[in-house]
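As structure tokens, the structure follows; a few thoughts come after it.
The values are calculated or read from the model by the stated rules, or taken from the named source; none is laboratory data. Since this is a predicted model, take the numbers as computed values, not measurements. Here the Cβ positions follow ideal geometry from the backbone for every residue, glycine too, while neighbour counts run over all protein chains shown. Just so you know, the surface numbers come from the protein's heavy atoms only, side chains and all, with ligands and any DNA or RNA stripped out. Shrake-Rupley method; radii C 1.70, N 1.55, O 1.52, S 1.80 Å.
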Amino acid sequence: MIRDPRLPAMMRLWQDTFGDSDAFVRLFFTRVYRPQNALTLSRDGHLAAMLHIVPYRLRVGRRTLPAAYICGVSTRPEARGQGLMTALMRRALRTMRRRGFALTTLIPAEPWLFDVYARLGYVHPIPARDERISTDGLPLTPTPIRVAPCTDARFYAAFDRLQHRRPCAILHTARDFDTIRLDCESDGGRVLVALADGRPAGFLFEAPEAGGVVRVKELLADSADAETALLRAAATRHGATQLRIRRPPQPGCPSQPYGLAARLDDRLSAADIDRLHMALMLD
């Protein structure tokens, strides 16, 4: 783990604020966190507030632009109401502009925070479709397709090919892919890969929820048959009666705001953000 005198206090503040498991907090601070991307404020010699800037690449048509995801936004209870988070967010926006990011995104932890972040410049909703599928309605798995657990990053090249098919999306590196896999496993889930004639044809990232539901964090597939095989395998693995899938926005289909974005320069338009797909952000 990186040596940073702020690290123990940051890990405690994260866990106290969000209630995440020890495994998740360790995963974030060993694989995602970087000292230069952790912005903090102290009061009386103690950590009072923090946030983390996580760099990504953003695909927009044929262009690839630098983007930054904000997470871990938190303030000690006794330090709230003093404007610390507003000051920290404004500092983060200045830092991201200086580093040349085109876009910044975040996922509000509570619905009321959408308005708070909008006042700071995050005025562009990132839409998503939440789809529920009953396992009773799933067709039988096509026999030429086999589904297996993905236990390391050796299939990343196939995943990267599929993620680049999205017209506008946050892209994940091989390291991201392995971190997301570990996060799924710590939640009791898996990354599943569909194999057609031994070649990767799709990926599904899942974790179980209460009430016989499987949450599908992301689903990428070459074909409807590969998608069906992955959905059925995820449902069978957990004995689920329903699958909850977050899909990319689609014209003519109802969607809900999932996250928020702020443009940091003029390289992107509001129309680009309207079709942005953001998934697997360790939210």
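For segment 92-105, indicate whether the set of residues that are crowded, with 16+ Cβ neighbours inside 10 Å and within 28 Å of His238 (Cβ to Cβ) is non-empty. No, that holds for no residue. Scanning segment 60-73 for residues that are in a strand (DSSP E or B) and either in contact with a strand residue (DSSP E or B) (Cβ under 6 Å, 6 or more places away or on another chain) or of a type in the set (D, E, K, R) (or both) turns up Val60, Arg63, Thr64, Leu65, Ala67, Ala68, Tyr69, Ile70, Cys71, Gly72, Val73. Scan segment 29-48 and give yes if some residue there is over 21 Å from Met278 (Cα atoms), assigned to a helix (DSSP H, G or I) and within 19 Å of the chain's Cα centre (by Cα), otherwise no. There is at least one residue in segment 29-48 that is over 21 Å from Met278 (Cα atoms), assigned to a helix (DSSP H, G or I) and within 19 Å of the chain's Cα centre (by Cα). State whether the residues of segment 84-98 include one that is touching a strand residue (DSSP E or B) at 6+ places or on another chain (Cβ under 8 Å) and more than 23 Å from Trp14 (Cβ to Cβ). No, that holds for no residue. Checked against the criterion of being among the charged types (D, E, K, R), open to solvent by 30 Å² or more (accessible area, probe 1.4 Å) and in contact with a Lys or Arg (Cβ under 6 Å, 6 or more places away or on another chain), the candidates Glu209, Glu227, Glu185 yield just one match: Glu209. For segment 1-15, the candidate set comprises residues that are touching a residue at least 24 places away in the same chain (Cβ under 8 Å) and of a type outside the set (A, V, I, L, M); within that set, the residue that is surrounded by the fewest Cβ atoms within 10 Å (Cβ to Cβ) is Arg6. For residues that are touching a helix residue (DSSP H, G or I) at 6+ places or on another chain (Cβ under 7 Å) and either more than 22 Å from Ser269 (Cβ to Cβ) or not aliphatic (A, V, I, L, M) (or both), scanning just segment 110-126, find the one that is surrounded by the most Cβ atoms within 10 Å (Cβ to Cβ). My answer is His124.
Just give me the residues in segment 79-111 being touching a residue at least 60 places away in the same chain (Cβ under 8 Å), among the β-branched types (Val, Ile, Thr) and not in a loop (DSSP other than H, G, I, E, B), in sequence order.
Thr104, Thr105
Taking segment 112-129, which residues are free of Cβ contacts under 8 Å to residues at least 60 places away in the same chain and of a type outside the set (Asp, Glu)? Scanning segment 112-129 gives Trp112, Leu113, Val116, Arg119. Residue under question is Ala201, and the condition is that it be touching a residue at least 60 places away in the same chain (Cβ under 8 Å), open to solvent by less than 50 Å² (accessible area, probe 1.4 Å) and not in a helix (DSSP H, G or I); does it hold? The answer is no for Ala201. Taking residues in segment 251-268 that are assigned by the TED database to the domain that holds Ile107, and partners anywhere that are assigned to a loop (DSSP other than H, G, I, E, B) and charged (D, E, K, R), not one pair has Cβ atoms closer than 6 Å while being at least 6 places apart or on different chains.
Here is a yes/no grid of residues against (1) closer than 18 Å to Thr75 by Cβ; (2) open to solvent by 40 Å² or more (accessible area, probe 1.4 Å); (3) in contact with a Gly (Cβ under 7 Å, 6 or more places away or on another chain); (4) assigned by the TED database to the domain that holds Leu88:
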residue: Phe18; (1), (2), (3), (4): yes, yes, no, yes
residue: Phe24; (1), (2), (3), (4): no, no, no, yes
residue: Leu27; (1), (2), (3), (4): no, no, no, yes
residue: Arg31; (1), (2), (3), (4): no, yes, no, yes
residue: Thr40; (1), (2), (3), (4): yes, no, no, yes
residue: Ile53; (1), (2), (3), (4): yes, no, no, yes
residue: Tyr56; (1), (2), (3), (4): no, no, no, yes
residue: Arg63; (1), (2), (3), (4): no, yes, no, yes
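Look at (1) among the charged types (D, E, K, R); (2) without any contact (Cβ under 8 Å) to a residue 40 or more places away in the chain; (3) in contact with a helix residue (DSSP H, G or I) (Cβ under 8 Å, 6 or more places away or on another chain) and you find that Arg76 fails only one, number (2).
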